[in-house]
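What follows is a single structure, and I will ask about it in a moment.
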Amino acid sequence: GKVYAVDVQQSMLDRTKAAVDQHKLANDEYVLATERSTRLPERSVDLVFVAYPYHEFGDPEEMLTSIRRALKPGGRVVIIEYAKESKFAPASPPHKMSFEEIRREIEPMGFVIDQLFDFLPVQHGVVFTIK
């Protein structure tokens with residue numbers, strides 16, 4: 001399959017490409033996103049993996065709309081964020097989210113919780129599907 005690396009910073013895409021090139025992988029594509037859009041083609045992905053940048057989204061509603069548009073039917077979104085409830089999470093308070101904050105922002109955008117990763121020590125891991 002194809003893997004899209006998506007970021008709003010070209011420098012992060014360049015770093016990712018350098019790491020991928022070291023492993024001689026050829027199924028990757030790099031997409032420079034905007035603050036409001038993933039810039040992924042419609043119905044092009046089965047899974048969107050958002051690890052730690054969700055709290056940084058300047059316009060979460062627009063970004064979630066873009067993610068939803070990019071998902072194929074039956075697609076999933078995985079959100080990993082440091083838990084605000086954990087005093088051991090290695091991030092400052094503005095870089096943490098509570099489970100309720102994640103749920104309150106994502107569910108109204110047409111997503112439902114499919115799975116919880118309750119094995120993560122200081123993070124919330126939530127899998128959403130389209131309602």
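The values are calculated or read from the model by the stated rules, or taken from the named source; none is laboratory data. Predicted model, so just to flag it, every value in this text is computed and none were measured. A quick note on method: Cβ atoms are made from the backbone with ideal geometry, for glycine too, and the neighbour counts reach across all protein chains shown. The accessibility values were calculated without ligands, DNA or RNA, using every heavy atom of the protein model including side chains. Shrake-Rupley method; radii C 1.70, N 1.55, O 1.52, S 1.80 Å.
Is there a residue being more than 20 Å from Phe111 (Cβ to Cβ), of a type outside the set (D, E, K, R) and open to solvent by 60 Å² or more (accessible area, probe 1.4 Å) anywhere in region 74-89?
Checking region 74-89: at least one residue is more than 20 Å from Phe111 (Cβ to Cβ), of a type outside the set (D, E, K, R) and open to solvent by 60 Å² or more (accessible area, probe 1.4 Å).
Right, something else. For region 96-111, give me each residue that is under 18 Å from Thr65 (Cα atoms) and surrounded by 12 or more Cβ atoms within 10 Å (Cβ to Cβ).
Of everything in region 96-111, those that are under 18 Å from Thr65 (Cα atoms) and surrounded by 12 or more Cβ atoms within 10 Å (Cβ to Cβ) turn out to be Glu101, Ile102, Arg103, Glu105, Ile106, Glu107, Met109, Gly110, Phe111.
Restricting the search to region 1-32, which residues are out of contact with any Ser or Thr (no Cβ under 8 Å at 6 or more places or on another chain) and part of a loop (DSSP other than H, G, I, E, B)?
Scanning region 1-32 gives Gly1, Lys2, Gln9, His23, Lys24, Leu25, Ala26, Asn27.
To continue, here is another question. What are the residues in region 1-51 that are open to solvent by 90 Å² or more (accessible area, probe 1.4 Å) and small (Gly, Ala, Ser), if any?
Gly1, Ala26
Right, another one. Filter region 67-99 for residues that are of a type in the set (D, E, K, R) and free of Cβ contacts under 8 Å to residues at least 40 places away in the same chain and give the result.
Matches in region 67-99: Arg69, Lys72, Lys84, Glu85, Lys87.
Would you check if Tyr54 is surrounded by 17 or more Cβ atoms within 10 Å (Cβ to Cβ) and not hydrophobic (A, V, I, L, M, F, W, C)?
Yes; evaluated as a whole, the condition is true for this residue.
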